Each structure stands twice: as structure tokens, then as C-alpha cells.
Amino acid sequence: MTALAAFEEIIDASGAAPRIEAMLPAGVRRRQLSVRTLLAGMCLTQADHRPAHLTRVHRALTSLPEDEQRRLGVTADWKHGPHQLTYRQTERTFGLVTAALGKDQPDGLPSRALQAACDHLLEASIPDQFKDASTSLAVDWTDLESFSRPPPHGTSDCADPEASWGHRKNNLLRSQDELFHGYYLSAGVMMPEENGPAVPEPARRATISSARHDPVRAFVPVLTALPGQGIRLGDILDDSGYAHRDADAWAIPLRAAGAQLIQDLHPHDRGPKGTCHGAIIANGNLYCPQTPRPLTELGPLARTATKEQAADHDRQTAELARYKLGRLTADDEDGYHRVQCPAAMGKVRCPLRPASMLLDRDRPEILQPPEHLPACCAQQTITVPPDVLAKTAQKHDYPSAAWRRSYARRTGAERGFATAKDPASNNIARGWCRLMGLTPLMLFTTTLLIARNQRILAAWNVRQEETQRRAAAGLPPKTRKRRRKPLAGLAAGPP
């Protein structure tokens, strides 16, 4: 299948083109360039690693074979003979589309019609055999700089009024953030399930918001709308930038939509953070009041840790899990649930629970119970309000080995942005798109992600075919080798 045929199939499957056509005003005469052809030209531009310029879209359409131009309406019969599409016609149709999908009063957030059109296009770019292959998404945001010059100091007037000043990380030696003028691009990339088979990593959802808006809050409605579109939410993998937001801005809406969070806690949210009925609140769980403090203050394993350090870290997190109060019930309609003392569940030995003292001595033992018994020690169970662990609770105990293995899948979001920012392909740096405003930028970014998804899927199919060929020949699967060339080898000239 050619690239044009693949893009046409995606556009037709999404149903976006006829919906947008219905929103456009009727002219005196029929437009030569349809929305379907315009979207196909935008996809071809991004597949050919071209900048997001309308001149490039016009060039991509007019460079097609003659029969394809006839079929798509790029060349049409007029009074005086065949007429080829002009740049002004391309600009006119694109302007009508952006006006129909934009807001009357732009505020730096996409309209419902624009977000729906982009969602349907991205979803259609995922083949049917992979739509239900995984429900896990790795989410992140990155900077998307506007082509407009920033407004002068003390003013807000510029060519792109929806753009704003934002912060981004840099790869320089200094640690402070770098200012940029533009937007935030948020994306959710499909990841394999825990202990599940490998799957390709297409971008399933994306949105753009002005840098004056919080990208986390801007992306929540896009993710929570998935169940209503027939897509079940599974694991959501996110970093501390998402986890540090207020619970009602990120964690609560996603849990209500059926998602399970696997996230890195912000340093300000790690460790003991108060008590609930006497139990220690730490890292999204409740622990026995006599839990050794060094265990509750454990942080994530360092990237440079050795095997011995990793084994010792895993031993400490496993011991910490012994002190955790066990959940007995699921959340009720109001978000309350009940938990039980770890000694009553047979995980630790405690004199306050005589039955637990009969357990094997390989379990931790509480040597000095509290003098004034809190509710978690005096009662068989306690009720946990929904606001106690709403922000930091997640699927796995933080920072256990199970959490570390599951959270390692989040790097798929970084790979997704790396392919979108690769100078060898579609580099979305400043100047990639010279159109002003959120709507044209989001339309071009969506077509870029569609082209990126097709490259990812094509590479996936090639690898699967190679694996099957090697298996049929009795060869082991091909593995990637990291080869290091010393300086002496680089300095040596040809023989």
C-alpha cells in the first residue's frame, strides 16, 4: 500500500473530513480542494519530512501522478480546460477549516470540534489488530515553540496572541529551566501491558495548549473521554510533574475513569506525610505507627545503582510492605475504604495482637508498641477517607521492585517525542510551522503524529517478519548489540 493510499484510508476511517465539510460555509461555486484532499496533502508533507508550510502541502499535491491529481480534484476541468490547484485555493480551504474548528474567542485551548477531529484521526491511524492490544499509556508533555517573535517586555502584543511564555528543560550543564514562547504538546503513547507481549508504540491521543495553561489539566479531559469512545483505560504512566498536581487536577478524574496510576512521586510528596487514625501516611499507603522511619523514607533506586545496591533496595522495600495496612474493601460510592492492621493480617508480630506472636520469627516484630493506642491499633479495622491517599496512591507500592519494573515503560513517551523532534525527520523546532494560532498548529501536529505512527508500525512489521523468518530457519531472535569503538579505533586510519 502506498503512503497516499494509507493516509486516505486513515482519513476515511476517522470520518473527520465529512464532519468538517459540513461545518464549512457554502460558496457561490464548489471548492476545488476538498477537506479530505487537504488532510491527505498535509499527511504527505509530514511523511516526506517537510516543514508544516502550506506551500509544501500545495507542492505535495501538485507533484502527484496525473491520474491521482484527477481523482483527488487537484486537477479539475474548468471552462477553458483542465485547471491545476493553486496555492491561493489551498490557503483558502485551510483558512475555512481553521476558522470552523477554532474558537470565536481563542483562549489557548482547543475547541471541542478540533479536539474530536484530531482524536478520531489519531485513533484511525492505529490498525484494528492493535487497538485492543494494550490499554496502557505513557503520558508526557514537551515544548512546541511558536514562530512568532515574543512580545516586547511589558506588553502582550505579538503575531500569535494565543502563545505564551513557558518553561522547558534543557540539556545544558545548568539546572535551571529555559524560557520559550509557544505551546505545550501533550501526548499519550501506547505501551505494552505488565508482563504482556510487546506492542508497537503509536501515539494514541494528543493535544496542544498555550503555555499559559497547565498541560496536565489540559490533557485530563482527553484521557477521561476514552471510555466514552469505547476505549478502556488501563495503566497511566507519568512522571512527578503529573503526580505533584492537586489530586482533583489529575489523580481523581483518572481513577474515576477507570485508570490505574503508575507514577514517580515528587520529592516533596515522598516519605512520611502525617497520620490517619494513628497510621503513618507515606508514599501513597498507610503503615503501622511503629514502622522504622528509614523504611518510610526510602526513595527510588538510583540509575547508577549496582546489582548489590538494587538487591538491598528491594529487600528494604519488601520489608516495608510488611508494615503496610492491608486493604479489605474496594472504594464505595463516596470513595471510602477499610484497611486492617498488618499484625492482624499476619504480616508482622505485635504484642497487641497475641495471635500474631505465634507466627514465624522471620517476620518483623514490634518491640515497643505505642503507649497510647491509636485507632489503627485499638480497632480491628479503620475507615480511610477518600482525601487521605487521593494524590499519591497508585497501583504498586512506591518505590518497590514491582513499581520500578512497571514504571520503566514510561520511557515510551520520551521515545515518542524523540521521533517528533528528530532533526533527521520531522523536527518540530521553531520554524517547522509558520502559521499562527493553536488550531493550524494542532492540525499539522496531528498529521505529523499520524505519519510518525505509520513509520513506527512499518518498522514493527519489518521486525516481526524478520523474527518469523529466523524462527522458521531455527535461528534465535535477533538482539540489539551495543558496540563501543575505542578512541584508538577512531583515530586509526584506513589500512
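The values are calculated or read from the model by the stated rules, or taken from the named source; none is laboratory data. Just so it is clear, the structure is predicted and the values come from calculations on it, not from any experiment. No Cβ is skipped: glycine too gets one built from the backbone with ideal geometry, and neighbour counts run over all protein chains shown. Each accessible area value is taken on the protein alone, full model and side chains, heavy atoms only, with ligands, DNA and RNA left out. Shrake-Rupley method; radii C 1.70, N 1.55, O 1.52, S 1.80 Å.
Structure notes:
- Of the criteria (1) exposed (fewer than 15 other Cβ atoms within 10 Å of the Cβ); (2) part of a helix (DSSP H, G or I), which one ILE10 fails: (1)
- Highlighted here are the helices (runs of 4 or more DSSP H) found entirely within segment 363-448 that include at least 3 residues which are crowded, with 20+ Cβ neighbours inside 10 Å: 401-407, 411-420.
- Of all residues in segment 307-356 being open to solvent by 60 Å² or more (accessible area, probe 1.4 Å) and part of a strand (DSSP E or B), the one that is nearest to ALA378 (Cα to Cα): ARG338
- Test: residue in segment 53-69 that is open to solvent by less than 30 Å² (accessible area, probe 1.4 Å) and part of a strand (DSSP E or B): no
- A single member of ALA6, ALA13, ALA40 is farther than 21 Å from GLN69 by Cα and touching a residue at least 24 places away in the same chain (Cβ under 8 Å), and it is ALA13.
- Residue that is nearest to GLU365 (Cα to Cα), among those in segment 272-306 that are among the β-branched types (Val, Ile, Thr) and loosely packed, with under 13 Cβ neighbours inside 10 Å: THR306
- Residues in segment 19-31 that are surrounded by 13 or more Cβ atoms within 10 Å (Cβ to Cβ) and of a type outside the set (A, V, I, L, M, F, W, C): ARG19, GLU21, ARG31.
- Within the option set THR45, THR135, THR98, THR90, being of a type in the set (Val, Ile, Thr), touching a residue at least 40 places away in the same chain (Cβ under 8 Å) and closer than 18 Å to LEU438 by Cα holds for one residue only, THR98.
- Some residue of segment 32-48 being part of a helix (DSSP H, G or I), of a type outside the set (Lys, Arg) and open to solvent by 30 Å² or more (accessible area, probe 1.4 Å): yes
- Residue pairs meeting the criteria (Cβ under 8 Å; at least 6 apart or on separate chains; first at positive phi, in segment 199-216; second surrounded by fewer than 23 Cβ atoms within 10 Å (Cβ to Cβ)): none
- Where THR90 falls short, out of the listed (1) surrounded by 17 or more Cβ atoms within 10 Å (Cβ to Cβ); (2) within 24 Å of the chain's Cα centre (by Cα); (3) over 29 Å from GLY241 (Cβ atoms): (2)
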